[in-house]
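Handing you a structure now.
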């Protein structure tokens, strides 16, 4: 996530209520092809659109309530989901004689932080497309209540990314958060309480981006650019002799160069016990060192906010974010003296600087030492290099720069078989945590099947 444009203490974050506005939906629908093209997405390959059209028809007929669970590998995913729902589903419905009333749309959850760095206009537009802002890392009761109400009574299905954030990998699925499964069971409870017979279905949707180019020149240029930013020599080592092997050696040296400079920074600045390794580390050594670096960066932030290091990397990042927001966005500023307000600004600035460590970890959370080695494709090189580019842009304070263009891209969209939730309510009534975990695991399995189906096409 880019930096929020915050330099002083601010009033408490307000809830932005969803306010679906048909004319804005129509305008965005018209603009969508141009926006997708601006992101380098020139082709969509969809499987299962007719299945989703049938489910939309069933939802409009009052037979089912739909939760759409989509993979989140890229920041372009909301645009691709719009293409699926606004364009592909109606097209499939017409092709198969399925009657759908307009507008065909879904409401969705989005990160409350987006309007902080993208601007108030983004929040205004997301709200008028029916979006529900949620603060990650805390029990956001108002957002959950709004989402729960829309699942049971809203005019459209509800779309949620169960990974919680982008994972930046097209062929790896991140761990799923349990919130979507919990929302599904709440929907069943609410329908039962009203004596309604609709079923609650979770529809898995897998998104994958595949380069349409076989040109390695942009990859090689990006390697050279990153070498220059890290102060590394960009003259290719004559050994090994194979160009592909030389490219991989340069990628390893890039990752090693960034790792060494970050290890040095945390050791010298914060006294973290990090030892740099030798050149071109083995994948296992690199992974261990990267894990230690992530732990060190999180420890600096957690120590400042008096947080215990509990849970996954994602959960720890969300708690740090909430602790920082608590210092920055406050409901006790009114009536403050000039000195109190200045101290509040000071506290906000310090909190913001400690949140930087968490943001850095977010960029590096999905990096491993073996992803490219397992399959040295142009796409995997591009994914890893873009992670490094974004991390370096963040460190340099240039995170608002447009990233290098490695496209054009085709996006593969696969709609999976829906998962019925109503048949699991008896287990949920007796063992809630177990039922939520089991449903989350089944959704993970379904998404992984769709992901592997896409790999077989590559």
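Before we move on, is residue 123 assigned to a helix (DSSP H, G or I), modelled with pLDDT under 95, touching a strand residue (DSSP E or B) at 6+ places or on another chain (Cβ under 8 Å) and assigned by TED's automatic domain parsing to the domain that holds residue 58?
Numbers: assigned to a helix (DSSP H, G or I): yes; modelled with pLDDT under 95: yes; touching a strand residue (DSSP E or B) at 6+ places or on another chain (Cβ under 8 Å): yes; assigned by TED's automatic domain parsing to the domain that holds residue 58: yes.
For residue 123, the condition - assigned to a helix (DSSP H, G or I), modelled with pLDDT under 95, touching a strand residue (DSSP E or B) at 6+ places or on another chain (Cβ under 8 Å) and assigned by TED's automatic domain parsing to the domain that holds residue 58 - is met.
May I pose another question? Is it the case that some residue within region 127-138 is out of contact with any helix residue (DSSP H, G or I) (no Cβ under 9 Å at 6 or more places or on another chain) and surrounded by fewer than 19 Cβ atoms within 10 Å (Cβ to Cβ)?
Within region 127-138 (the criterion being out of contact with any helix residue (DSSP H, G or I) (no Cβ under 9 Å at 6 or more places or on another chain) and surrounded by fewer than 19 Cβ atoms within 10 Å (Cβ to Cβ)), the answer is no, since none of the residues qualifies.
Sticking with this structure for a sec: Check 360, 451 and return the single one that is modelled with pLDDT under 95 and in the same structural domain as residue 298 (by TED's automatic domain parsing).
360
Residue 247 versus (1) in a helix (DSSP H, G or I); (2) at pLDDT 95 or above: which is the lone unmet condition?
The failed condition is (2).
Turning to a different aspect of this structure: Could you say whether any residue in region 261-282 is in the same structural domain as residue 389 (by TED's automatic domain parsing), in contact (Cβ under 8 Å) with a residue 40 or more places away in the chain and surrounded by fewer than 18 Cβ atoms within 10 Å (Cβ to Cβ)?
There is at least one residue in region 261-282 that is in the same structural domain as residue 389 (by TED's automatic domain parsing), in contact (Cβ under 8 Å) with a residue 40 or more places away in the chain and surrounded by fewer than 18 Cβ atoms within 10 Å (Cβ to Cβ).
Here's another thing I want to ask about it. Could you please find all residues in region 101-124 being surrounded by 17 or more Cβ atoms within 10 Å (Cβ to Cβ) and farther than 25 Å from residue 9 by Cα?
Correct list: 104, 105, 106, 107, 108, 109.
If only one of 115, 73, 133, 155 is farther than 19 Å from residue 52 by Cβ, part of a loop (DSSP other than H, G, I, E, B) and touching a residue at least 12 places away in the same chain (Cβ under 8 Å), which one is it?
On inspection, the qualifying residue turns out to be 73.
Can you tell which of 317, 327 is surrounded by 15 or more Cβ atoms within 10 Å (Cβ to Cβ), closer than 19 Å to residue 368 by Cα, at pLDDT 90 or above and in contact with a helix residue (DSSP H, G or I) (Cβ under 9 Å, 6 or more places away or on another chain)?
317 is the lone residue from the list that is surrounded by 15 or more Cβ atoms within 10 Å (Cβ to Cβ), closer than 19 Å to residue 368 by Cα, at pLDDT 90 or above and in contact with a helix residue (DSSP H, G or I) (Cβ under 9 Å, 6 or more places away or on another chain).
Go through the residues of region 40-61 one by one and say whether even a single one is on the phi < 0 side of the Ramachandran plot, at pLDDT below 95 and in a loop (DSSP other than H, G, I, E, B).
Scanning region 40-61, I find no residue that is on the phi < 0 side of the Ramachandran plot, at pLDDT below 95 and in a loop (DSSP other than H, G, I, E, B), so the answer is no.
Each row is one residue, and each column tells you yes or no for (1) touching a residue at least 12 places away in the same chain (Cβ under 8 Å); (2) surrounded by 15 or more Cβ atoms within 10 Å (Cβ to Cβ); (3) out of contact with any strand residue (DSSP E or B) (no Cβ under 6 Å at 6 or more places or on another chain).
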{"site": "22", "(1), (2), (3)": "yes, no, yes"}
{"site": "29", "(1), (2), (3)": "yes, yes, yes"}
{"site": "34", "(1), (2), (3)": "no, no, yes"}
{"site": "38", "(1), (2), (3)": "no, no, yes"}
{"site": "43", "(1), (2), (3)": "yes, no, no"}
{"site": "51", "(1), (2), (3)": "yes, yes, no"}
{"site": "56", "(1), (2), (3)": "yes, yes, yes"}
{"site": "63", "(1), (2), (3)": "yes, no, yes"}
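Out of region 139-150, which residues are assigned to a loop (DSSP other than H, G, I, E, B) and crowded, with 17+ Cβ neighbours inside 10 Å?
Result: 140, single match.
Within region 354-375, can one find any residue that is over 23 Å from the mean Cα position of the chain (by Cα) and closer than 24 Å to residue 114 by Cβ?
No, the conditions are met nowhere in region 354-375.
Something else now. Output yes when any residue across region 89-100 is closer than 14 Å to residue 161 by Cβ and either touching a residue at least 40 places away in the same chain (Cβ under 8 Å) or within 21 Å of the chain's Cα centre (by Cα) (or both), and no when none is.
Checked against the condition, which is being closer than 14 Å to residue 161 by Cβ and either touching a residue at least 40 places away in the same chain (Cβ under 8 Å) or within 21 Å of the chain's Cα centre (by Cα) (or both), region 89-100 yields no hits at all.
Here is a follow-up. Among the residues of region 173-195, is any more than 28 Å from the chain's Cα centre (by Cα), assigned by TED's automatic domain parsing to the domain that holds residue 313 and not in a helix (DSSP H, G or I)?
Start the filter on region 173-195 by keeping residues that are more than 28 Å from the chain's Cα centre (by Cα), which leaves 189-195.
In the following step, the residues that additionally are assigned by TED's automatic domain parsing to the domain that holds residue 313 were identified as none.
Within region 173-195, none of the residues are more than 28 Å from the chain's Cα centre (by Cα), assigned by TED's automatic domain parsing to the domain that holds residue 313 and not in a helix (DSSP H, G or I).
Additional query: Conditions: (1) within 15 Å of residue 168 (Cβ to Cβ); (2) assigned to a loop (DSSP other than H, G, I, E, B). Residue 334 meets all but one. Number of the miss?
(1) is the only condition that residue 334 fails.
One line per residue, one yes/no per condition, for (1) under 30 Å from residue 365 (Cα atoms); (2) part of a helix (DSSP H, G or I); (3) modelled with pLDDT of 95 or more:
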{"position": "8", "(1), (2), (3)": "yes, no, no"}
{"position": "32", "(1), (2), (3)": "no, yes, yes"}
{"position": "66", "(1), (2), (3)": "no, no, yes"}
{"position": "91", "(1), (2), (3)": "no, yes, yes"}
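The values are calculated or read from the model by the stated rules, or taken from the named source; none is laboratory data. Note that the coordinates shown come from a computational prediction; the quantities given were computed from them, not determined experimentally. Methodologically, a virtual Cβ is constructed for each residue, glycine included, from the backbone with ideal geometry; neighbour enumeration extends over all protein chains shown.
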